[in-house]
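Okay, so here's the structure we're looking at.
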Amino acid sequence: MDGLISVIVTTYNWVPALDAVLRALARQGDRNFDVVIADDGSRPDTAALVADWATRAPFALTHVFQEDRGFRAARARNRAIMASRGTYCIFLDGDCIARPNFVAAHRRLAEAGWFVAGNRTLVSQQLTERALRDGADLGGWRFGDLVAQRRARAINRIVPMITLPLGPLRKRMPRRWEGVRSANLAVWRADLDRVDGFDAAFDGWGREDSDLVVRLIRAGVFRKDGRFATGVLHLWHKEVDRSRLPDNDKLFNAALASDRILAQHGMAALSGGSA
């Protein structure tokens, strides 16, 4: 695809990590993209960082903010989708560092009727803290650097960072929703509109990305494997509050048992400007 891509970055109160994510995006070889920050209620220092980046980034940068009312990532992403300008959206978490070919790899894999599910390598606490303190360019690591970090147990695996031309094997699991994470996920904007985006009925951490993928598949948009092409480095952080997960599991199981395609509380619910 040749059009503009929108990279939607979800963030909440972690300025050093967001700064590292934006640095990695600024080093992309493919420059035909904009960035929309989906801010789930961060303190003013996040807005200050984004404003500073907006003056010098090699891409257009938009900050979409909502009040802090707990973990509402689905709603934040929907707001960012609505503010995006691209015909193709790449979702990236604000603690995931992209390599310089990240946007180009997603562009190469983009295909009508398919979404692309990427993967990640986990970075240790020690390496995360050191990299953020020193401003290290994790996304620019070469294979030898990755091997050294794996031997030092500073990352959990190398495989997501390897590039392989899988060809038709990328379509071997078209209806498999399991394992897809919105930390690294690419979807056509038209397909997001078709299912009305993420479902903000998922309040608190968990299952909102699985729900989106299930509804996309029901709508005739299938899974394409982005492994060995689009891997990112996921910075260490403390586990988020998962107290709402049992409720979200029930909601997701009900969605699985249904034939619903549209979100219950999707982008259409935001058209009236509700918080």
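The values are calculated or read from the model by the stated rules, or taken from the named source; none is laboratory data. The model shown is predicted, which means the values in this text are computed figures rather than measured ones. Note that each Cβ is placed from the backbone with ideal geometry, even for glycine, and that neighbours are counted across all protein chains shown.
For the reader, a short list of remarks on this structure follows.
- Among the residues of region 126-144, those identified as more than 20 Å from the chain's Cα centre (by Cα), closer than 23 Å to residue 17 by Cα and either exposed (fewer than 14 other Cβ atoms within 10 Å of the Cβ) or among the small types (Gly, Ala, Ser) (or both) are 126, 130, 131, 133, 134, 135, 136, 142, 143.
- For residue 97, the conditions (1) touching a Leu at 6+ places or on another chain (Cβ under 6 Å); (2) over 26 Å from residue 147 (Cβ atoms) are fulfilled apart from (2).
- Scanning region 67-82 for residues that are over 20 Å from residue 207 (Cβ atoms) and either within 16 Å of the chain's Cα centre (by Cα) or surrounded by 19 or more Cβ atoms within 10 Å (Cβ to Cβ) (or both) yields a total of 1.
- Any hit, region 197-219, residues being crowded, with 17+ Cβ neighbours inside 10 Å, within 30 Å of residue 140 (Cα to Cα) and either free of Cβ contacts under 8 Å to residues at least 40 places away in the same chain or under 16 Å from the mean Cα position of the chain (by Cα) (or both): yes
- Residue within region 125-144 that is without any contact (Cβ under 8 Å) to a residue 40 or more places away in the chain, out of contact with any strand residue (DSSP E or B) (no Cβ under 7 Å at 6 or more places or on another chain) and aliphatic (A, V, I, L, M) present: yes
- When residue 187 is tested against (1) without any contact (Cβ under 8 Å) to a residue 12 or more places away in the chain; (2) among the β-branched types (Val, Ile, Thr); (3) surrounded by 15 or more Cβ atoms within 10 Å (Cβ to Cβ), exactly one condition is not met: (1).
- Failed item, numbered, when residue 159 is tested on (1) modelled with pLDDT under 90; (2) buried (at least 16 other Cβ atoms within 10 Å of the Cβ); (3) not small (Gly, Ala, Ser): (2)
- Only one entry in 8, 37 is touching a Cys at 6+ places or on another chain (Cβ under 6 Å) and crowded, with 18+ Cβ neighbours inside 10 Å, namely 8.
- So residue 145, is it within 30 Å of residue 268 (Cα to Cα), of a type outside the set (Gly, Ala, Ser) and outside any strand (DSSP E or B): no
- Any hit, region 158-165, residues being of a type outside the set (D, E, K, R) and at positive phi: no
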